[in-house]
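Undergrad: Just passing along the structure, written as structure tokens.
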């Protein structure tokens, strides 16, 4: 009997069941959230996500949380629910002050409902508001727990109680429940507890319930025939008054509609579920949490609020986690079964989403698995030996350490380890010393190609030598794969991405869409599709004709478990991804449909003039109010780290500049009329959203048109009076030249120099530049107002300016602007009290400086 028990325990150990879980991202007080106790969640028209907590409201833009309390206009900080209305208002009810307030979908502050004094006469501290609905004439309809019907407030403040008969006072306690129900008005938009069984008429319909009603009262319309509800328990009711209660382990907290035939429900301490109308559990979440509410946002992500642990998000519900163990190697057999090699040395097989442990590692060293296509067998390497996982009768092969198993293992190549690779020759295992570290080997045209840190080598005629017909093949190589049907080899390299070696040799890098130029592993799905694993995400390369291809990527920002990819395997329509944080999987068409790159909204959050926020539009600024900062904000919760902003000043920029920063600065704008425009794009895909801001910087009086006109007339008069007798009669060309220079000076076109410094983009007028000082690979650009430090070689500076003729190099470390020189000597010049040396080899350049 004891032996039977031992066998049973062993079988349990070998069959490890893994629940398929989601990839959750947690937001709590450490991430800037105001509280761990969260009641409700709502997404507004612009894509912002709002949360109701016991410590105020919070709004998430994808980057950070903006928290609102009484200091921001809330009547109190305990808000239980959001009640969005068809007119764009979102009502909330503050629990302790019993105050109704609202905000607009396009948020512009909180507004107190004007008839709260009237409501407080009928809404007591014991009652709980559970539904709010504005009808077409503007009247407000409220229902809830202990309401005894509905409260209706007209838009001029008249209060009316409707369906408020109460027979409880005249009935024994045990008979009261027969007269209790849930009343529904306005096609399910308003509901409340009622204490009388009305005959249904007009818009009222009644759910006859069997339990007492608690403050968790809730009703959702599932379809035209069914409502799901919570009285004390979870139930469903039809129009015909058929009521069915579902069996649940714990009392429900909240419900949300998913579709006509399914709904979401959250429980105390038991997580949440999605059920169908028959009560079948279709999915489950956060099993040990008290989940209060649920949202599917505009980009398909799932949001869960909890009563004790903040908020959880599933960024991409189509990606699930199989295990959080570190899986380093994957392979499938001819039957479509998946085999796993773990970092701790274990080897396993997945059958019907159950894990069968095939070998338990003893040395905590990575295990590897590979498939032999000729014998249709899977082999695994762990603890210095290789096992036949398909035929356990075959004897174990003892080998030394394993860095990697060869593709199509034992046919004839086996593995690489240190400087050695092994292969089968005449039923024996032969060792070949490559003379340098070997990363991988593959058979190619009756020879063996060897991946090494020094590039590609080849074993040919029992000799090992470099094989580098292209400079690309001198790269450090990590992995070699070749499909048997072609003569193409795909290589994972350190700096050159994926190298393709056939009749021609070329590579695929980040410039062609790859997530990283360092590739750890390549996997051949078929003749036209190759996958590349990097530590910044997974890449799928689809080859077309004539060396053309397309690259699709999926990363952690798309919902992947981790960007650090160890291996990948494709079985039918499912992609299995082994990462250092575990094994996840998704349907292959997910990467085809990864087009949810739309920005939900684009907003100009702030405009700051000389670091001071301004709210006016079409503002007119003084000439010294010319440092302008714009803070733009594109909302896309799924693609937040892929957003790039395009911007320009419409009147002076014909092309768009780009940045990933949300703050765009113009530190020293010249007088003029400007229109700032900004767009946002994801993965270089633009959209139609555009935000703009118009403003004017007025010139100083000495640059105004009237002052220039007067000055021109005055100077012209002086010229005329002074030179009338001395010059005019002798050399009219001098007058003409002087007039030309004066007009040119007055009408000079403004030039700008654009550069990036300290993570910000700058644009400065070139006439404000005094000189440039080189310090190694950095330049100090000294202007009339301040100095900027940029990364640039001094030899590249002049050619990068729009008015290069205005600059002169006078020293190996100095470039000056000619029109800023106030004096010069034998080997120096002076600019704004800065004495700048002139190098011996540049002395002749002084002749180009004229006064």
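Every number here is computed from the coordinates shown, using simple stated rules; none is lab data. Just so we're clear, the structure is a prediction, and the values are computed from it rather than from any experiment. Here Cβ is always computed from backbone atoms with ideal geometry, including for glycine, and neighbour counts include all displayed protein chains.
Undergrad: Using 7 Å Cα-to-Cβ label points, what is the residue 652/residue 63 separation (nm, one decimal)?
TA: 2.4 nm
Undergrad: Can you give the FRET efficiency for residue 675 and residue 427, using 1/(1 + (r/R0)^6), R0 = 60 Å, r = Cβ-Cβ distance, to the nearest 0.05? Walk me through the numbers on the way to the answer.
TA: Working: r = 80 Å, r/R0 = 1.33.
Efficiency for this residue pair is about 0.15.
Undergrad: What shape does the range 302-372 have by the C-alpha gyration tensor, where a ≥ b ≥ c are the square roots of the eigenvalues, rounded means a/c under 1.5, and otherwise prolate means a/b greater than b/c and oblate the rest?
TA: Details: a/c = 3.14, a/b = 1.93, b/c = 1.63.
Cα axes put the range 302-372 in the prolate bin.
Undergrad: So how long is each side of the range 575-680 along the principal axes, counting just the alpha-carbon atoms, biggest first, in Å?
TA: 61, 27, 21
Undergrad: At 0.36 nm per residue, and after removing the present C-alpha to C-alpha distance, how many nm does the segment from residue 587 to residue 661 gain when stretched out fully?
TA: Working: separation 74, 0.36 × 74 = 26.64 nm, distance 3.40 nm.
Residue separation times 0.36 nm, minus the Cα-Cα distance, leaves 23.2 nm.
Undergrad: May I pose another question? Could you calculate the contour length gain from residue 506 to residue 848, that is, 0.36 nm times the residue separation minus the distance between their Cα atoms, to one decimal place in nm?
TA: On the way: separation 342, 0.36 × 342 = 123.12 nm, distance 5.04 nm.
So the chain would gain 118.1 nm between residue 506 and residue 848.
Undergrad: A further question on this structure: Sticking with the crude label model, points 7 Å out along Cα→Cβ, report the distance from residue 187 to residue 528 in nm, one decimal please.
TA: 4.8 nm
Undergrad: Let me ask you something else. Multiply the residue separation of residue 71 and residue 718 by 0.36 nm, subtract the distance between their alpha-carbon atoms, and state the gained length in nm to one decimal.
TA: Values: separation 647, 0.36 × 647 = 232.92 nm, distance 6.52 nm.
Gain on extension, residue 71 to residue 718, equals 226.4 nm.
Undergrad: Further question on the same structure: How big is D for the range 443-598, in µm² s⁻¹ as a whole number, if Stokes-Einstein is applied with the Kirkwood radius of its Cα pairs at 10 °C and 1.306 mPa s?
TA: Values: Rh = 16.1 Å.
It comes out at roughly 99 µm²/s.
Undergrad: Using mean Cβ contacts within 10 Å as the protection proxy, how do 356-363, 369-376 order, highest first? List each step's numbers first, then the result.
TA: On the way: 356-363: 15.6, 369-376: 17.6.
Result, highest mean first: 369-376, 356-363.
Undergrad: How many angstrom lie between the Cα centre of the range 524-573 and the Cα centre of the range 585-653?
TA: 31 Å
Undergrad: Can you compute the radius of gyration and Dmax for the range 300-419, using only the Cα atoms, both in Å?
TA: 17.9, 60
Undergrad: In whole angstrom, note down how far apart the Cα centers of the range 450-479 and the range 289-368 are.
TA: The distance from the Cα centre of the range 450-479 to that of the range 289-368 comes to 37 Å.
Undergrad: At a Förster radius of 30 Å, what calculated FRET efficiency corresponds to the Cβ-Cβ distance of residue 282 and residue 85, to the nearest 0.05? If you can, show how the numbers build up before the last one.
TA: Details: r = 31 Å, r/R0 = 1.03.
E(calc), rounded to 0.05, equals 0.45.
Undergrad: Could the peptides 315-324, 828-837, 515-524 be put in order, highest first, of the mean number of other beta-carbon atoms found within 10 Å of their residues? Present the calculation step by step, with values, prior to reporting the outcome.
TA: Details: 315-324: 19.1, 828-837: 14.6, 515-524: 21.2.
Descending mean neighbour count gives 515-524, 315-324, 828-837.
Undergrad: Let me ask another. Please tell me the relative contact order of the range 442-554 in percent, rounded to the nearest whole number, where contacts are Cα pairs under 8 Å and at least six residues apart.
TA: Details: 267 pairs, mean separation 17.4, N = 113.
Across the range 442-554, relative contact order equals 15 percent.
Undergrad: Another one. Which value, to two decimals, describes the C-alpha radius of gyration of the chain once divided by 2.2 N^0.38 Å? Please report the intermediate quantities before stating the final value.
TA: Numbers: Rg = 37.1 Å, N = 851, 2.2 N^0.38 = 28.6 Å.
With N residues counted in the chain, Rg over 2.2 N^0.38 Å equals 1.30.
Undergrad: How high is the FRET efficiency from residue 454 to residue 573, r the C-beta distance, R0 45 Å, rounded to 0.05? Show your work: numbers first, answer last.
TA: Working: r = 40 Å, r/R0 = 0.90.
FRET efficiency, residue 454 to residue 573: 0.65.
Undergrad: In addition: Expressed as a rounded percentage, what relative contact order does the chain have, with Cα pairs under 8 Å and six or more residues apart?
TA: Working: 1989 pairs, mean separation 50.0, N = 851.
This gives 6 percent for the chain.
Undergrad: Averaged over all directions, how much area does the convex hull of the C-alpha atoms of the range 41-177 cover when projected, in nm²?
TA: Numbers: hull surface 38.6 nm².
Value for the range 41-177: 9.7 nm².
Undergrad: Label residue 241 and residue 796 with points 7 Å out from Cα along Cα→Cβ: what is the distance between them in nm?
TA: Going from the residue 241 label point to the residue 796 one covers 8.3 nm.
Undergrad: If only Cα atoms are counted, what is the Rg of the range 389-441, and what is its Dmax, in Å?
TA: Cα radius of gyration and Dmax of the range 389-441 are 11.3, 36 Å respectively.
Undergrad: Measure out, as a whole number of angstrom, how far apart the alpha-carbon centroids of the range 424-442 and the range 218-277 sit.
TA: One Cα centre to the other: 63 Å.
Undergrad: Take residue 156, project a point 7 Å from its Cα along the Cβ direction, then tell me which residues of the range 114-128 have their backbone nitrogen under 20 Å from it.
TA: Inside the label zone: 114-119.
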